[in-house]
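The values are calculated or read from the model by the stated rules, or taken from the named source; none is laboratory data. None of these values were measured; they are calculated from a predicted model. So basically every Cβ, Gly included, is an ideal-geometry build from the backbone, and we count neighbours across all protein chains shown. Ligands, DNA and RNA are stripped out before the accessible areas are found, and what is left, the full protein with its side chains, is counted by its heavy atoms. Shrake-Rupley method; radii C 1.70, N 1.55, O 1.52, S 1.80 Å.
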Amino acid sequence: MIETPRPSDNATDSLDCSIVIPTLNEAGNIDGLIERILAVMDDHGDFEILVVDDNSTDGTRDRVRRWELDSPVRLIAREGPADLSASVLDGAAAARGRRVLVMDADGSHPPETIPALLAPLAAGTHDLVIGSRHVPGGSTVGWPITRHIMSRMATLLAWPFTEAKDPMAGFFATDRARILRLRDQAAGYKILLELLVQGGDEIRVAEIPIRFEDRRQGQSKLGLSQQLTYLQRLMFLGGGRVSAGSAARFGLVGLSGMLVDLLIFHFLMTSGARLGSAHVSSFVVATVTNFVLNYRWTFYGTSQTALRVPVRYARFLAVALLALVIRGGVLVLLTESFDIPAMAAIVPAIIVTAGVNYLGAAFYVFASTASGVIPRVRWHLAALGLFAYVFVLRVLYMPHAELIPDEAYYWVYTQHLALSYLDHPPLVAWLIAAGTWLFGDTVLGVRVVLIPIALIGAWYFYLYGETMGGRTSGLLCLLAYACLPFFFASAMLMTPDAPMVVAWAAALYYFKRGLIDDKPRAFVGLGLAMGAGLLAKYSIALLAPAALVFMLVDDRARRWFFRPWPYLSVVIAGLVCLPVLIWNWQNEFASLAFQATRRILENPEFGSHRVLIFAVLLLSPVVALAAFYVLGPVRRLVAPEQRKRWFMLIMTLVPLGIITVYGVFTSIRFHWSLPPWIAILPMLMALPLIKPENVAGPVLGLIRRTWAPSLVVLVVGYGVLLHFVTLGLPGIAKSDLGSGYLGWREMAAEVHQLEQEVEQATGMRPVVAATSRWSGAAVLAFHSVDGRIDNITGQNLIGMSGSMWEYWFDEETDPDRPVILVNYTSKLIDEEWLERALVGLGPLKSRTVYRDGEPIRTLYYRIADGHRPEQVRYPDRIPEK
């Protein structure tokens with residue numbers, strides 16, 4: 001019931017401004033507030049004050065009625081339950097002003113700031129103006145620390161929905177018509193957030209700093225119910241069909257599915273099935289029954305997204321697979337790391353799965369269209385959700401997926417810590433050394449440092465994207481870091497690429513802040529980033545000529561040639577990577593020669609075409625197509641600011657051009673050509689948000705249709721792959737498809753058995769030489785049964801390139817010690833010329849290597865009586881062929 005009649009929504013606006021003040025038991029504050037407003041607005045045009053009261057019991061209405069007698073004040077008396085949003089909407093509906101300013105009645109919002117909030121609206125420069133506590137110059141006074149924490153947490157939860165710094169403010173001004181458009185949609189107690197979300201990309205927002213003072217009289221109306229309403233409203237605005245009712249129904253469906261799941265799991269385990277097969281089979285049956293019940297009961301209604309049943313089922317299947325692999329990660333963590341029995345571990349695994357399933361169902365499978373949430377916000381939530389999912393996925397499986405040979409090789413670095421190494425700078429060794437110091441020589445010890453590296457990488461990918469195109473661009477770059485194959489692998493495997501990718505993104509951010517934003521101190525960060533990158537991998541140096549080209553073609557950036565800051569960044573980078581320079585000085589610049597001339601001499605082949613191949617494979621086909629597409633005319637739409645556009649193009653194309661030219665002479669590696677694409681990520685990741693009417697053509701249509709599904713497929717693929725290499729998959733034999741990835745622990749045990757046999761027969765411990773450059777020896781060393789690795793080396797023993805094994809092999813080794821040549825293929829190990837390097841070389845033999853009673857690979861080996869020292873390859877000596 002409204003005591004004051006409302007004017008029609010389309011009535012002529014007769015005043016400049018209506019100031020709407022919702023109240024509930026504010027008798028001690030309302031008089032002073034009205035006095036201050038009247039004093040401030042005396043010279044600021046025609047206005048009115050509308051006090052919308054929610055059935056106060058302390059005399060608030062009587063005080064307002066006295067003001068009505070001789071002031072531009074009106075009372076709107078509401079009956080029934082208190083509702084802040086409804087109060088604001090009722091006030092806007094009754095207002096006679098073209099513009100509406102909303103403020104609290106408790107005196108926390110300074111009326112003296114009202115003219116500043118109205119000015120941008122009057123000038124036509126902005127559509128919504130906020131009195132903000134969180135922009136420079138703003139502050140909050142008198143709140144206890146707990147209230148500060150609660151406010152910041154609420155603001156943080158709203159962060160994906162808007163770029164406003166203070167979306168929780170109750171002090172704002174906008175056009176009356178804009179508020180009235182929310183009458184059938186708004187709920188909760190933060191009408192400003194509704195305006196920001198529904199306004200989307202079109203609304204122009206300004207934030208004016210204010211000094212927010214806590215109320216001096218009365219009590220705050222904020223309670224638990226308002227906070228819960230706020231959380232539910234956020235989920236609604238994100239398109240999620242989340243409610244107590246749907247959660248209860250989903251829980252009941254989940255319990256029935258859990259019962260089915262447990263019964264089938266128990267039956268299969270007691271029937272002798274393997275853990276992986278049992279949990280996958282029981283999961284599939286349970287989730288199919290859950291889908292039918294959720295579709296027909298839990299989320300039934302007209303507000304579902306309009307999807308054909310096959311498409312909805314495909315989404316359901318994707319969510320089910322995502323939940324499945326998370327469940328597998330929880331299972332393997334609990335059973336292998338904590339030795340919890342499988343029947344006990346399955347219960348928390350099912351609970352975690354239920355959470356993933358519910359959120360996926362509410363926000364993706366059965367998402368709501370009622371909130372009118374804009375695509376930009378959906379992408380924000382998708383980016384954060386997928387990043388969190390992928391991060392948890394990596395953490396769960398990281399300790400249990402076997403090391404690849406590269407990781408084992410870098411672990412061997414830590415057994416010979418140095419200032420640098422022949423084929424890589426030292427940072428990867430130092431990071432692994434830190435991890436193994438904490439967790440021992442284990443898979444977790446090797447990889448644990450990837451956890452903070454991934455978080456730092458996420459931060460710099462976001463910062464780089466944000467500085468190029470705002471929050472949406474930043475979150476889409478975060479999405480790329482989480483989902484694209486090369487970046488996923490770089491944050492999962494402990495190789496030099498992990499820190500180098502982070503350093504590359506950080507360097508781009510600081511380059512941009514310095515060269516485009518004219519921030520001198522950014523060059524300090526640039527020096528640190530480039531120095532750290534050079535400690536990880538030399539290829540980051542390609543950013544230097546790219547930056548030089550940009551400085552030459554950009555008039556404003558050219559001025560930095562005559563300032564000291566860029567040269568300071570060079571000095572800082574040099575100091576950070578000083579260990580590399582010292583090692584190269586001591587070793588006749590062997591590492592630098594290895595990266596340049598030695599590669600060309602040892603691998604003279606054409607490899608430039610691989611730049612394209614690697615982009616398609618490791619950016620994904622859809623993103624690779626987008627990357628090449630944005631080089632065309634559409635680049636002006638996705639990057640309208642010319643300086644930023646030129647920066648991104650130059651910082652991408654110059655490094656790629658250098659790599660392509662280098663590929664004319666020798667083979668190139670994928671981890672050289674992928675990092676340069678980071679610079680252009682803000683452009684290509686923006687393609688899905690381009691409005692179709694702005695660009696015509698089948699290519700963009702194809703990209704838009706396949707973009708989101710391709711990312712989901714990638715993430716599902718990562719999870720299934722990790723599940724396969726740890727727990728396996730039903731009906732599929734575990735195999736590495738000849739990649740040499742799986743089974744090295746068992747291979748090392750078999751080699752150890754060979755060592756014992758030879759030592760027993762000869763009385764001497766044999767030298768074990770893997771006939772691969774470095775990988776075979778590395779994994780044998782990491783999985784060594786007795787921990788002794790000083791007798792292991794690579795193919796340097798037979799005169800071939802062995803990378804760092806050329807440095808690690810002891811020249812004093814007795815040439816009469818027996819030698820065991822090993823490999824997982826017969827390639828190279830069966831060559832006749834091996835007799836020139838080894839003495840008394842025996843015939844090629846093989847043994848089958850088993851895991852859990854099943855054959856997984858074959859060990860090929862030959863035994864020799866000794867080696868010829870003159871045929872061993874060392875850094876300063878290459879044997880004659």
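Which peptide among 463-469, 611-617 comes first, and what is the full order, when sorted by highest mean count of other Cβ atoms within 10 Å? Before the final figure, lay out each step's value.
Working: 463-469: 23.9, 611-617: 17.0.
Output ranking for 463-469, 611-617: 463-469, 611-617.
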| task | Treat region 98-159 as a sphere of radius equal to its Kirkwood radius over Cα pairs and apply Stokes-Einstein at 4 °C in a medium of 1.567 mPa s; give the translational diffusion coefficient in µm²/s, rounded to a whole number. | result | 95 µm²/s
| Kirkwood Rh (inverse of mean 1/r, distinct Cα pairs), region 260-349, angstrom | 14.4 Å
| query | Length gain on complete extension for the stretch residue 544 to residue 40, per 0.36 nm per residue less the alpha carbon to alpha carbon distance? | reply | 175.8 nm
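Using a simple charge model, +1 on the beta-carbon of Lys and Arg, -1 on the beta-carbon of Asp and Glu, nothing else, what dipole does region 366-491 show about its Cα centre, in debye to the nearest 20? Could the numbers behind the result be given before it?
Numbers: 5 positive and 6 negative charges, 124 e Å.
The calculated dipole for region 366-491 is roughly 600 debye.
Can you give the percent of C-alpha pairs in region 561-686 whose distance is more than 20 Å?
Numbers: 4678 of 7875 pairs.
That fraction is 59 percent.
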| task | Report the FRET efficiency, 1/(1 + (r/R0)^6), for residue 455 and residue 163, where r is their Cβ-Cβ distance and R0 is 25 Å, rounded to 0.05. | result | 0.65
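With a 1.4 Å probe and all protein chains kept in place, how do 436, 289, 666 rank by accessible area, largest first?
On the way: 436 20, 289 60, 666 0 Å².
Ranked from most to least accessible, the order is 289, 436, 666.
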| said: Sorting check: for 533-540, 515-522, which peptide has the highest mean count of neighbouring beta carbons within 10 Å, and how do the rest follow? | reply: 533-540, 515-522
| Between 0 and 90°, nearest 10: helix 84-94 axis offset from the chain longest Cα axis | 50 degrees
| said: Between region 394-444 and region 49-69, how far is it from one alpha carbon centroid to the other, in angstrom? | reply: 71 Å
| If you place +1 on the Cβ of every Lys and Arg, -1 on the Cβ of every Asp and Glu, and leave all else neutral, what size is the dipole of the chain about its Cα centre, to the nearest 20 Debye? | 1840 debye
| query | In Å, the Kirkwood hydrodynamic radius of region 400-473 over pairs of distinct alpha carbons? | reply | 13.8 Å
| query | Peptides 52-58, 795-801: what's the order by average Cβ count within 10 Å, highest mean first? | reply | 795-801, 52-58
| query | Label point 7 Å out from residue 708 along Cα-to-Cβ: which residues of region 635-676 have amide N under 13 Å? | reply | none
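Please express the shape of region 418-512 as an equivalent ellipsoid: the semi-axes are the square roots of 5 times the eigenvalues of the C-alpha gyration tensor, given largest first in whole angstrom. Let's see the in-between values first.
Working: eigenvalues 145, 42, 21 Å².
Values for region 418-512, descending: 27, 15, 10 Å.
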| task | Bin all alpha-carbon pair distances of region 482-528 at 5 Å intervals from 0 and give each bin's fraction as a whole percent. | result | 5, 23, 22, 16, 12, 14, 7, 0
| Binned Cα-Cα distances of region 38-169, short to long, each 10 Å bin given as a whole percent | 10, 34, 37, 18, 1
| request: Please report the Cα spread of region 639-719 along all three principal axes, rounded to whole Å, starting with the longest. | output: 44, 40, 21
| query | Relative contact order, percent, of region 374-469 when contacts are C-alpha pairs under 8 Å separated by at least 6 residues? | reply | 24 percent
| Among 348, 365, 400 the positive-end extreme of the charge dipole of region 345-442 (Cβ point charges) | 365
| query | Over the alpha carbons of the chain, what is the largest minus smallest coordinate on each principal axis, giving the biggest first in Å? | reply | 115, 76, 54
| Could you give the nm distance between label points at residue 252 and residue 519, where each point is 7 Å from its Cα heading toward the beta carbon? | 5.4 nm
| request: At 7 Å along the Cα-to-beta-carbon direction for both residue 336 and residue 146, put a label point, then send me their distance in nm to one decimal. | output: 4.5 nm
| message | Give me the percent of accessible area attributable to carbon and sulfur for region 486-609, probe 1.4 angstrom. | response | 70 percent
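Once you've got the Cα coordinates, tell me which of 165/190; 165/691; 537/827 are over 25 Å apart. Show your work: numbers first, answer last.
Values: 165/190 14 Å; 165/691 27 Å; 537/827 31 Å.
Too far apart for the 25 Å limit: 165/691; 537/827.
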| request: Compute the length gained on full extension between residue 556 and residue 297: take 0.36 nm times their separation in residues and subtract their Cα-Cα distance, giving the result in nm to one decimal. | output: 87.0 nm
| remark: A chain fully extended from residue 395 to residue 284 at 0.36 nm per residue, minus the present Cα-Cα distance, gains in nm 37.5 nm
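Let me check I have the definition right: for region 761-856, take the eigenvalues of the Cα gyration tensor, multiply each by 5, take square roots. What are those semi-axes in whole Å, largest first? Mind showing how you got there, number by number?
Working: eigenvalues 86, 57, 43 Å².
Taking √(5λ) for each eigenvalue gives 21, 17, 15 Å, largest first.
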| Options 465, 510, 182, ranked by Cα towards positive dipole end of the chain, top entry (Cβ charges) | 182
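Per residue, how much accessible surface does the chain expose to a 1.4 Å probe? Answer in Å², no decimals. Each step should come with its number before you reach the end.
Details: 37140 Å² over 881 residues.
Solvent-accessible surface per residue comes out at 42 Å².
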| request: Quote the Stokes-Einstein diffusion coefficient, in whole µm² s⁻¹, for region 494-609, based on the Kirkwood radius over alpha carbon pairs, a temperature of 37 °C and a viscosity of 0.692 mPa s. | output: 214 µm²/s
| task | Under 17 Å Cα to Cα from residue 644, which aspartates and glutamates show up? Leave out anything in the same chain fewer than 8 places away. | result | 466, 517, 518, 554, 555
| Given C-alpha coordinates of region 344-462, what is the ratio Rg to Rh with the Kirkwood estimate of Rh? | 1.13
